[in-house]
Amino acid sequence: MRPTDLSLLRVPGVPAVSPDGRTAVVAVTRLDLVADEYRSQLWTVPTDATAPARPLTSGHTDSAPAFSPDGRWLAYLSAEPKGRPQVHVLAVGGGSARRLTDHHLGAGAPVWSPDSRRLAYTARLPEPGRYGTDEDVPASAEAPRLITTLKYRQDALGFGTDRRSHVFVVDLPGELDDDAAPTPQPVQITDGDVDDSDVTWSPDGTELAFVSARHERADADLVTDVYVVRTDGSELRRVTAGRSGCLQPAYGPDGDTLYLTAQPDLGPAGVDFVARNATLCRVPVSGGDPVPVLDPEEHDRGDETPTTVVADGAAFFGVQRRGSVELLRVPLDGSEPEELVDGSFTVRGVGVGGGVVVATVAHDRSAGELIAITPGRRRLLTRFGAPLQATGRLHRMRERTATAPDGYPVHGWLTTPAGPGPHPVLLTVHGGPFSQYGWTLFDETQAYVEAGYAVLQCNPRGSSGYGQAHGRVIKEHMGELDAADVLAFLDDALADPVLDPSRVGLMGGSYGGFLTTLLLGRTDRFAAGISERAFNDPVSFVGSSDIGFYFADQYVGTDPVRIAAQSPLAHAHEITTPTLVVHSEEDWRCPLEQGTRLYVELKRRGVPTELLLFPGEGHELSRSGRPKHRLARLEHVLRWWARWLPTAQNPSSVGELTAGPPAGDGAADSAGPAEAAAVDGEPSGRRGEMLTVPATRL
């Protein structure tokens, strides 16, 4: 694909399935490059595939659909242009949608009560005078913030202690289709100087379960617990035992058991998160420790399937495995799990109704399609990827395995342009590090291959999807076995005559930026490099990153000598390779100084370098930043590679996007920061979303 093909991407979310199983509804998101915003509408999809999917709503940004248990209503979130998402309800039989909330900072995804007459959700409550609650007080004139906690801000959200998230319940109007009928006011169920999330109803509708960190050491550890509360806000109590990272609870059919995703053991201090798989667990509603239902060594939910679904006597759970995200049906009676989706796919969401399972499934030619699963049969229901496929500019991934110097297998993929080659090579490294490359349409890889580059991606030790031992082995040894794995995968691939071993570039973001910077300080074998939003200095990271107070200690340790051995910036004085440094100005995961210090180190020594900064963006720029910024980023990356690794499709004489002197040697090589265009306002995408538990991946 070309960078401008971003506008052809169609990304479906988590499907909702009607109680009779006949219909699925899903939000489909697209990038509007002209308006520089994301748009999403709800689509309705017959699960028997007798008719094509069609748009159901025409709002600016519609998402999070949920059918009522009686099948009469569809609740969802809708946001007007520049507005915040609010809960709406639409009659399934037709008619106009009714707005039920008006929260200043927006509402979270709605969850139906068993009687179909109430909705629960979470919403952030701003302190008076902040976040535009007083129109006469601009942000720069607000009162100072007094910070007394370790956890006080989060990438893509900002400061959080002055806008806590709590549970609300709102009743449906008595006459929902009567616009003149008054809308009941939402009732706040929880409060306190804490954040509450992941709310769900008990089967009898008398209680709500949710996730929070209300224990004494909550500010210093990563433990999150499941709590239950009566629907009038009374009888709040903790269910789990305070040693796990819990999220996404769902009641079992008897109401006596909760199923949830949890990291079962975070250690005595509650911060031992490195390569701890988040797996399916259960806990009695009466209280106790989460008990794994699946083997925590091998089964990690990861980030792709965001809900715990319990229906028809089973839990439906997505697990990472060797670059795939498979869908398991896990019977509640303890019998063996059944694989519903396996192989070269990434399951991104699941809904169940009327005995029909509907999953959102991505692969290397589509960002997601809906499939319906019934006993003995799977049906493809949508073709959201067709517009991009029709361009002929998508390229298939080829799986391969190399052998590390110590004999360990290194699994990954090669994607090549059309034609015989030999092609120049881009070795890319994923973030995390406990994350994975895999079977999905990755826009960056597709753009580079279309520009004439062969792209190598692998999951070295430290990655997820291969068991906890695979991920945990780099703890306090970053840049050792993981770096050896990446280079072994490269060397093995370069034996293929379709690749040009004399023309290789290296790039990565976040942890991938860490490994890029580190390797550039160890070897001059690469023609050029791109270090993006990198974890470059563990020492300064501790005091500047939103996760700094625990992440660096757990991954690189606390011994100064060992920290220096693992620090890319400590060895940056050895870098002579041309290096583009890319960063977002509001990145609080890997803060801006992590990139600017690398840039200045290279610039002072005359290494060809540029600093590409994106205003108003955070750590998730490449995945959910402003559409025009995502486009500009891809164009700048291709411009850099055209300069150092030109191809017929990406020649060096075109694509210069920044003013400055022509390419040369030494300090005169770069004209300074290559800055993307500033766009006023707040970027679209994940901005404002708060994670259930503190993030543990870069």
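Any residue at all in the range 95-105 that's in contact (Cβ under 8 Å) with a residue 60 or more places away in the chain, outside any loop (DSSP other than H, G, I, E, B) and in contact with an Asp or Glu (Cβ under 7 Å, 6 or more places away or on another chain)?
No, the conditions are met nowhere in the range 95-105.
For every residue, the table says whether it meets (1) more than 20 Å from Pro12 (Cβ to Cβ); (2) at pLDDT below 95.
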residue: Pro296; (1), (2): yes, yes
residue: Arg301; (1), (2): no, yes
residue: Val310; (1), (2): yes, no
residue: Val319; (1), (2): yes, no
residue: Ser335; (1), (2): yes, no
residue: Glu339; (1), (2): yes, no
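Just checking, which of Leu414, Leu427, Leu370 is in contact with an Asp or Glu (Cβ under 8 Å, 6 or more places away or on another chain), modelled with pLDDT of 95 or more and not acidic (Asp, Glu)?
Leu414
So how many residues does the range 344-382 have that are over 23 Å from the mean Cα position of the chain (by Cα) and surrounded by fewer than 19 Cβ atoms within 10 Å (Cβ to Cβ)?
Matching residues across the range 344-382 total 9.
In this structure, is Asp406 out of contact with any Gly (no Cβ under 6 Å at 6 or more places or on another chain), acidic (Asp, Glu) and part of a helix (DSSP H, G or I)?
Spelling it out, it is not the case that Asp406 is out of contact with any Gly (no Cβ under 6 Å at 6 or more places or on another chain), acidic (Asp, Glu) and part of a helix (DSSP H, G or I).
Determine whether Val167 is out of contact with any Asp or Glu (no Cβ under 6 Å at 6 or more places or on another chain), within 26 Å of Arg98 (Cα to Cα) and either in a strand (DSSP E or B) or basic (Lys, Arg) (or both).
no
Looking at Ala51, Ala97, Ala79 in this structure, which one is within 23 Å of Ala386 (Cβ to Cβ) and either of a type in the set (Ser, Thr, Tyr) or surrounded by fewer than 21 Cβ atoms within 10 Å (Cβ to Cβ) (or both)?
Being within 23 Å of Ala386 (Cβ to Cβ) and either of a type in the set (Ser, Thr, Tyr) or surrounded by fewer than 21 Cβ atoms within 10 Å (Cβ to Cβ) (or both) holds for just one of Ala51, Ala97, Ala79, which is Ala51.
Could you tell me whether the range 417-429 includes any residue that is in contact (Cβ under 8 Å) with a residue 60 or more places away in the chain, closer than 24 Å to Glu620 by Cβ, in a loop (DSSP other than H, G, I, E, B) and not aliphatic (A, V, I, L, M)?
Scanning the range 417-429 turns up no residue that is in contact (Cβ under 8 Å) with a residue 60 or more places away in the chain, closer than 24 Å to Glu620 by Cβ, in a loop (DSSP other than H, G, I, E, B) and not aliphatic (A, V, I, L, M).
Residue-wise test of (1) more than 30 Å from Ala311 (Cβ to Cβ); (2) assigned by TED's automatic domain parsing to the domain that holds Ala250; (3) within 30 Å of the chain's Cα centre (by Cα).
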position: Trp112; (1), (2), (3): no, yes, yes
position: Ala141; (1), (2), (3): yes, yes, no
position: Lys151; (1), (2), (3): yes, yes, yes
position: Leu157; (1), (2), (3): yes, yes, yes
position: Thr161; (1), (2), (3): yes, yes, yes
position: Arg164; (1), (2), (3): yes, yes, yes
position: Phe168; (1), (2), (3): no, yes, yes
position: Ile189; (1), (2), (3): no, yes, yes
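Right, Ala278: out of contact with any Asp or Glu (no Cβ under 8 Å at 6 or more places or on another chain) and either free of Cβ contacts under 8 Å to residues at least 40 places away in the same chain or farther than 28 Å from Pro433 by Cβ (or both) or not?
On the way: out of contact with any Asp or Glu (no Cβ under 8 Å at 6 or more places or on another chain): no; either free of Cβ contacts under 8 Å to residues at least 40 places away in the same chain or farther than 28 Å from Pro433 by Cβ (or both): yes.
No; evaluated as a whole, the condition is false for this residue.
Please find, within the range 282-311, the residue that is surrounded by the most Cβ atoms within 10 Å (Cβ to Cβ) out of those that are in a strand (DSSP E or B) and touching a Phe, Trp or Tyr at 6+ places or on another chain (Cβ under 7 Å).
That would be Val310.
Could you please let me know if Val358 is in a strand (DSSP E or B), over 15 Å from Pro15 (Cα atoms) and touching a Leu at 6+ places or on another chain (Cβ under 9 Å)?
no
Sort through Thr200, Thr206 and tell me the only one that's of a type in the set (Ser, Thr, Tyr) and either surrounded by fewer than 19 Cβ atoms within 10 Å (Cβ to Cβ) or farther than 29 Å from Thr307 by Cα (or both).
Exactly one of Thr200, Thr206 is of a type in the set (Ser, Thr, Tyr) and either surrounded by fewer than 19 Cβ atoms within 10 Å (Cβ to Cβ) or farther than 29 Å from Thr307 by Cα (or both), namely Thr206.
Please find, within the range 481-520, the residue that is farthest from Leu598 (Cα to Cα) out of those that are small (Gly, Ala, Ser) and in contact with a Leu (Cβ under 9 Å, 6 or more places away or on another chain).
The residue in question is Ala493.
Picking from Arg597, Arg562, which residue would you name as being assigned by TED's automatic domain parsing to the domain that holds Phe514, touching a Ser or Thr at 6+ places or on another chain (Cβ under 9 Å) and of a type in the set (Lys, Arg)?
Testing whether each residue is assigned by TED's automatic domain parsing to the domain that holds Phe514, touching a Ser or Thr at 6+ places or on another chain (Cβ under 9 Å) and of a type in the set (Lys, Arg) leaves just Arg597.
The values are calculated or read from the model by the stated rules, or taken from the named source; none is laboratory data. These figures come from a predicted structure and were not determined experimentally. With ideal geometry, Cβ positions are generated from the backbone for all residues, glycine too; neighbour counts draw on all protein chains shown.
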